Amino acid sequence: MGKKLFVLSTISLSMILMFPVENVTAARMEVDFDQQCKEQYGSNYRAELIGNTALDWQCKTKKKLPIYRKLDMKAACQNQYPFSDTKYSDFNTPDSWFCEINGAQFELDLNKQCKQQYGRKYQVELRGATVLDWQCKTEQKRTIYETVNVNDACQNQYGVSTARYSYFYAPDSWFCEV
């Protein structure tokens, strides 16, 4: 009976963490127009303002006879900040575009963080029964344990996140909150 309940709670937690949960807070992130032009059309393109409004951005080749193509703002935000919305604050201000990330929760990959923080030979290991008992471990000549930085993990994986947990005695309850 206990194992079945644990499995159900794990499945419920996984299902919750896989899908963003809307909150009232939001982060405004700068959008990189040049990066999007390069992703859309190749390295010969860059963003250029061809008018005076927020809708006057285009992608342009760097050649003598330039070619102008549509700049996909929605894709720019999605590529740079997954789960974000594309907005501008003032139609008459071309640089007023931003990517808005509404308060959301995303699954945290501690194993990925261990490898990024200490190297590919490290892996995450739970050494107790609480959320604070995760450590990065390597076994070379001797076993070495290091602290996993959960806030850095959220920053590395989602850009503007804060690490939180749902329940102290549920080690798998870490998530990133944007």
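The values are calculated or read from the model by the stated rules, or taken from the named source; none is laboratory data. Just so it is clear, the structure is predicted and the values come from calculations on it, not from any experiment. When we count neighbours, we look across all protein chains shown, and the Cβ atoms used for this are built from the backbone with ideal geometry, even at glycine.
Tell me, which residue of region 124-158 that is closer than 15 Å to Lys112 by Cα and assigned to a loop (DSSP other than H, G, I, E, B) is farthest from the chain's Cα centre (by Cα)? Explain how you work it out, then say what you get.
Pass one, region 124-158, residues closer than 15 Å to Lys112 by Cα: 124-126, 134-138, 146-158.
Next, from what is left, pick out any that are assigned to a loop (DSSP other than H, G, I, E, B): 148-149.
Details: Val148: 18, Asn149: 16 Å.
Only one residue fits best here, namely Val148.
Take Phe91 and decide whether it is within 30 Å of Asn44 (Cβ to Cβ), modelled with pLDDT of 90 or more and among the aromatic types (Phe, Trp, Tyr). Break it down into steps so the answer makes sense when it comes.
Details: within 30 Å of Asn44 (Cβ to Cβ): yes; modelled with pLDDT of 90 or more: yes; among the aromatic types (Phe, Trp, Tyr): yes.
The answer is yes for Phe91.
Could you run through region 58-87 and say how many residues are within 30 Å of Gln157 (Cβ to Cβ), in contact with a strand residue (DSSP E or B) (Cβ under 6 Å, 6 or more places away or on another chain) and not polar (S, T, N, Q)?
Number satisfying all stated conditions: 8.
For Thr130, state whether it is at pLDDT below 90 and of a type in the set (Ser, Thr, Tyr).
no
Kindly provide the set of residues from region 44-101 that are in a strand (DSSP E or B) and under 23 Å from the mean Cα position of the chain (by Cα), ordered by number. Spell out the reasoning first.
Initial filter on region 44-101 (in a strand (DSSP E or B)): 45-49, 57-61, 68-70, 85-88, 97-101.
Result: Asp85, Thr86, Lys87, Tyr88, Trp97, Phe98, Cys99, Glu100, Ile101.
In region 50-99, what count of residues is obtained for those that are touching an Asp or Glu at 6+ places or on another chain (Cβ under 6 Å) and of a type in the set (Asp, Glu)?
Number satisfying all stated conditions: 1.
Going by the structure shown, is Lys112 in the same structural domain as Pro171 (by TED's automatic domain parsing), modelled with pLDDT under 95, in a helix (DSSP H, G or I) and not polar (S, T, N, Q)? Show your work before the answer.
On the way: in the same structural domain as Pro171 (by TED's automatic domain parsing): yes; modelled with pLDDT under 95: yes; in a helix (DSSP H, G or I): yes; not polar (S, T, N, Q): yes.
It is true that Lys112 is in the same structural domain as Pro171 (by TED's automatic domain parsing), modelled with pLDDT under 95, in a helix (DSSP H, G or I) and not polar (S, T, N, Q).
Within region 80-127, take every residue that is within 30 Å of Asp56 (Cα to Cα) and small (Gly, Ala, Ser) and give me the one that is surrounded by the most Cβ atoms within 10 Å (Cβ to Cβ).
Pass one, region 80-127, residues within 30 Å of Asp56 (Cα to Cα): 80-103.
This time we only want the ones that are small (Gly, Ala, Ser), so: 84, 89, 96, 103.
Details: Ser84: 26, Ser89: 11, Ser96: 13, Gly103: 14.
Across region 80-127, the extreme among qualifying residues is Ser84.
Counting only residues that are of a type in the set (Lys, Arg) and under 13 Å from Asp172 (Cα atoms), how many does region 118-142 have?
First pass over region 118-142, keeping only residues of a type in the set (Lys, Arg): 120-121, 127, 137, 141-142.
Applying the additional criterion that residues be under 13 Å from Asp172 (Cα atoms) yields 127.
Within region 118-142, residues that are of a type in the set (Lys, Arg) and under 13 Å from Asp172 (Cα atoms) number 1.
Residues of region 30-43 being surrounded by fewer than 17 Cβ atoms within 10 Å (Cβ to Cβ) and in a helix (DSSP H, G or I), which ones?
Taking region 30-43 and keeping what is surrounded by fewer than 17 Cβ atoms within 10 Å (Cβ to Cβ), we get 30, 32, 34-35, 38, 40, 42-43.
Answer for region 30-43, where residues must be surrounded by fewer than 17 Cβ atoms within 10 Å (Cβ to Cβ) and in a helix (DSSP H, G or I): Asp34, Gln35, Lys38, Gln40.
Could you grab me the full set of residues in region 86-111 that are free of Cβ contacts under 8 Å to residues at least 60 places away in the same chain and touching a helix residue (DSSP H, G or I) at 6+ places or on another chain (Cβ under 7 Å)? Steps first, please.
Of the residues in region 86-111, the ones free of Cβ contacts under 8 Å to residues at least 60 places away in the same chain are 86-96, 109, 111.
Once the filter is applied, which keeps residues that are free of Cβ contacts under 8 Å to residues at least 60 places away in the same chain and touching a helix residue (DSSP H, G or I) at 6+ places or on another chain (Cβ under 7 Å), region 86-111 yields Thr86, Tyr88, Ser89, Asp90, Asp109.
Which condition number in (1) within 30 Å of Thr53 (Cα to Cα); (2) without any contact (Cβ under 8 Å) to a residue 60 or more places away in the chain is the one that Leu126 fails?
(1)
Taking the stated definitions as given, is Gln155 polar (S, T, N, Q) and under 30 Å from Val31 (Cβ atoms)?
On the way: polar (S, T, N, Q): yes; under 30 Å from Val31 (Cβ atoms): yes.
Yes, satisfied.
For region 59-79, check the following and say yes or no: at least one residue is farther than 18 Å from Gln40 by Cα, of a type outside the set (S, T, N, Q), outside the structural domain of Asn156 (by TED's automatic domain parsing) and in contact with a Pro (Cβ under 7 Å, 6 or more places away or on another chain). Break it down stepwise before answering.
Within region 59-79, the first condition is being farther than 18 Å from Gln40 by Cα, and the residues that meet it are 64-65.
Okay, now just the ones that are also of a type outside the set (S, T, N, Q), so 64-65.
This time we only want the ones that are outside the structural domain of Asn156 (by TED's automatic domain parsing), so: 64-65.
Checking the rest, the ones that are also in contact with a Pro (Cβ under 7 Å, 6 or more places away or on another chain) come to none.
The answer is no; no qualifying residue exists.
On the basis of being surrounded by fewer than 16 Cβ atoms within 10 Å (Cβ to Cβ) and among the acidic types (Asp, Glu), does Asp152 make the cut? Let's see the steps before the verdict.
On the way: surrounded by fewer than 16 Cβ atoms within 10 Å (Cβ to Cβ): yes; among the acidic types (Asp, Glu): yes.
For Asp152, the condition - surrounded by fewer than 16 Cβ atoms within 10 Å (Cβ to Cβ) and among the acidic types (Asp, Glu) - is met.
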